[in-house]
1. Take every Cα pair under 8 Å in the chain that's 6+ residues apart, average their separations, divide by the length, and report that relative contact order as a whole percent.
2. Could you check the spin-label model distance between residue 64 and residue 45? Points 7 Å from the Cα along Cα→Cβ, value in nm.
3. Just order 62-75, 6-19, 40-53 by mean Cβ neighbour count inside 10 Å, highest at the front, would you?
4. Residues of the stretch 40-57 with amide nitrogen under 18 Å from the 7 Å Cα-to-Cβ point of residue 79?
5. Percentage of Cα-Cα pair distances in the chain greater than 14 Å, rounded to whole percent?
């Protein structure tokens, strides 16, 4: 039986340090949930880059400063990747 890949939720993943962390984790086989607040296109671009290299990623708009949005982010990750 093959072990499932780890899942990482990366906040602020549309740019800067968050983007770099998401990209690096994807190269190690993690399935990535990219959280962004305002930069949907940048997040979608990174999802495309990860997928083009054989990885798995999902972009979710969430302001984790709001508990309901943080909860929805985690629910999205669970729905997508178990």
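None of the figures in this text is laboratory data; all of them are computed from the coordinates on show. The shown structure was predicted, so the numbers you read here are calculated from the model rather than taken from an experiment. For neighbour counting, all protein chains shown are included, and Cβ atoms are generated from backbone atoms with ideal geometry for every residue, glycine included.
1. Normalised by residue count, the contact order of the chain is 27 percent.
2. Roughly 2.2 nm, to one decimal.
3. Ranked by mean Cβ neighbours within 10 Å, highest first: 6-19, 40-53, 62-75.
4. Within reach of a label on residue 79: 44, 57.
5. Across the chain, Cα pairs with separations above 14 Å total 57 percent.
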